[in-house]
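The values are calculated or read from the model by the stated rules, or taken from the named source; none is laboratory data. Quick caveat: nothing in here was measured; it's all calculated off a predicted structure. Glycine gets a Cβ as well: all are built from the backbone with ideal geometry, and neighbour counts include every protein chain shown.
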Amino acid sequence: MHSSMVTAKPHAALLASPGMGHLIPTVELGKRLLTHHGFDVTIFVVTTGSSTTTSQILQQTSNLSSLNIVVLPPIDFSSKPGPKPSLGEQVVVAIIESLPLLHSSIMSMKLRPSTLIVDIFGTCAFPMAREFGMSTYVFFATSAWFSAVTIYVPVIDKKMEERHANNHEPLFIPGCESVRFEDTLEPFLSVVGPVYEGYLKAAQDIISSDGILINTWQDLEPASTKAVRELSILGRFTKGPVYPVGPLVRNIEPRQEHKAVLRWLDGQPADSVIYVSFGSGGTMSEAQMKELALGLELSQQRFVWVVRPPMEDETSGAFFDVAKGGDIAPEYLPDGFLERTKETGLVVPLWAPQAEILGHPSTGGFVTHCGWNSVLESILNVVPMVAWPLYAEQKMNASLLEEQLRVAVRAKVAEEGGRVVSKEEIAMLVRRVMVDEEGVTMRKKLKEMKQSGHVALSNLGSSYESLCQMTKLCELHVQGSKAKAQGA
Ligand code: UDP
């Protein structure tokens, strides 16, 4: 048989790092490769403890029996001595400790994967992938703008970076909006030290991969997607092509009657409820939670609020312990709040069916921490936002939503602890989205964005085309490996 006739079905292994915001888009990418692009798909899930939320997310994929999911045994790093590492460092440590398990798991597979796709924390698995002869891809489960910053970091002008960190000057990124210091990423707060070094190393690994996928689409971020792709801008810094492949978000599951929150929403008028949630890990101080409660009350809008216990000095305190922490303890909500709002509001402890809530006709606004999955889910459900960023790249996302896309108003959250957003400010932000003309204008824009997102994913759409091109490269890689094996 001629070598080009050899069937070259690629088999992608996707490595999902800990955290719902990483697992959910990785699963969606896996589903897409399986159902639209002819891949065999195995998803390896790195875990840091048994989580019912993880199991629920994975259970929802069980209708796709051909999707192979391997949950690696949990890594326990809670008792390590020394100073507490950053969130990113903890995620990377969990992956590094999972590598031997990943290795033995791949070794035991009859049909070994031909391609490894990791998120930005998983590049430490690349040496192993290359040892197995796999091609390597990185999936940015976030914006093209953040991806552009990361691609630029290895070649960035050191002096400019220092001026950004020390003099708080904007960080210039070719072809994209500059990053204001107030919106900057943790590594740029100090361009020496382990957090920066870790980010730089990851960025170097990312640009040396065979290709980069981003969960965005051309029409949402035209300038940034152009910048990361074009050789004359940032495209020349990556070894392989860069593909916008989004918006990949979780589909709404068939209605489950036990979900009280959805039944409650059924009884409310259209677009009348503001949904308040800070993602899978977001936490805030007790004082801020009390103020938020009073602000919701003052706004006189109906609300659904996903509440988890307060944490004084951590904005990502629930990241590794999603949906743990007990029931609502009324002592951290203002006296009488639950009683006073029982007709107009619903407080849901710990975790809520967010995709379904945002897709419900009664939901008309979203107070969000601006995690990228939440952002995409909101856009695709035409829900304007109150941006309340907490950690990671969320401040950049908030700025993108407020200033570039103009589909959100933004809360002035303190840089470093301390400032509490007042109840008056919260009420005003909520009313701007829910009641004022501003919200109506935002909904019009969101409708167009939703439409363009669907077009991007449809046959011949830009994101669909991107994955077709990536598929071709993966097929060529399989053919090349087979030819090599036959020649050996
Ligand atoms: N999510 C959910 N219920 C919750 C909180 C979060 O279903 O109570 C989902 C949400 O729909 C999104 C993901 O978890 O798909 C969170 O990802 P995101 O990027 O928004 O934020 P992260 O949790 O990574 O900070």
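Of all the listed residues (L380, L376), the sole one being in contact with a Gly (Cβ under 8 Å, 6 or more places away or on another chain), surrounded by fewer than 23 Cβ atoms within 10 Å (Cβ to Cβ) and either farther than 21 Å from E291 by Cα or at pLDDT below 95 (or both) is L380. Of the strands (runs of 3 or more DSSP E) lying entirely inside the range 184-283, the ones with 1 or more residues being modelled with pLDDT of 95 or more, hydrophobic (A, V, I, L, M, F, W, C) and closer than 30 Å to V413 by Cβ are found at 211-214, 273-277.
The rows are residues; the columns are (1) farther than 23 Å from T150 by Cβ; (2) in contact with a Cys (Cβ under 7 Å, 6 or more places away or on another chain); (3) at pLDDT below 95; (4) outside any helix (DSSP H, G or I).
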{"residue": "S399", "(1), (2), (3), (4)": "no, no, no, no"}
{"residue": "A414", "(1), (2), (3), (4)": "yes, no, yes, yes"}
{"residue": "R419", "(1), (2), (3), (4)": "yes, no, yes, yes"}
{"residue": "A427", "(1), (2), (3), (4)": "yes, no, no, no"}
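If you go through the range 351-372 and pick out every residue that is closer than 23 Å to M284 by Cα, more than 7 Å from the ligand (Cβ to nearest atom) and of a type outside the set (S, T, N, Q), you end up with 6.
Taking every residue in the range 135-155 that is under 18 Å from A398 (Cβ atoms) and aliphatic (A, V, I, L, M) and pairing it with any residue that is in a strand (DSSP E or B) and away from the ligand (no atom under 16 Å from the Cβ), at least 6 positions away or on another chain, the pairs with Cβ-Cβ distances below 7 Å are A144/P244; V149/V179.
Test V375 against the stated conditions and say whether it is aliphatic (A, V, I, L, M), within 11 Å of the ligand (Cβ to nearest atom), over 20 Å from R308 (Cα atoms) and in contact with a helix residue (DSSP H, G or I) (Cβ under 8 Å, 6 or more places away or on another chain). Here the answer is yes, as V375 does meet what is asked.
Across the range 286-294, a minimum of one residue is classified as over 18 Å from the mean Cα position of the chain (by Cα), in contact (Cβ under 8 Å) with a residue 40 or more places away in the chain, more than 23 Å from G30 (Cβ to Cβ) and within 16 Å of the ligand (Cβ to nearest atom). Filtered by the rule that a residue be of a type in the set (S, T, Y) and within 14 Å of the ligand (Cβ to nearest atom), the range 264-280 gives Y275, S277, S280. V91 passes every criterion in (1) in contact with a helix residue (DSSP H, G or I) (Cβ under 9 Å, 6 or more places away or on another chain); (2) modelled with pLDDT of 95 or more apart from (2). Quick check on the range 332-350: of everything there that is free of Cβ contacts under 8 Å to residues at least 60 places away in the same chain and within 26 Å of the chain's Cα centre (by Cα), which residue is nearest to the ligand (Cβ to nearest atom)? Result: L350.
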